[in-house]
Amino acid sequence: MPRQVKNSRRGRGRLPGQTRISSKHQVTIPTEAFTAAGLKPGDTLKAVAAGPGQVVLSRQEDLLDQYSGALRGGSEMRRMVEDLRAEWE
């Protein structure tokens, strides 16, 4: 039985750093750019049009990470809530 060879256009005719837009509007970020930007799998990115033929991707910080530790907890928080409730009575 003859061995089937997968016909792939991957990498043909592209210069380093170039990528292609798929029919589903998906783009693969070249490894060099991905690493240099400090991105990692799972990051949330915001895409903004920066002019004709230009899209800027920016990492969006997770709000939970951004505000983690900003609220006081434990007995101090309980006392503050009780104080607020007392004001309403």
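Read-outs throughout are calculated quantities, based only on the coordinates presented, and are distinct from any laboratory measurement. All values reported here derive from a predicted model rather than from experimental measurement. Positions of Cβ are backbone-derived with ideal geometry, glycine not excepted, and every protein chain shown enters the neighbour counts.
Using the per-residue mean of other Cβ atoms lying within 10 Å as a proxy for protection, in what order, highest first, do the peptides 25-31, 13-19 fall?
25-31, 13-19
Quick one: if you stick a label point 7 Å off each Cα along the C-beta vector at Thr28 and Arg59, how many nm between them?
So the two model labels end up 2.2 nm from each other.
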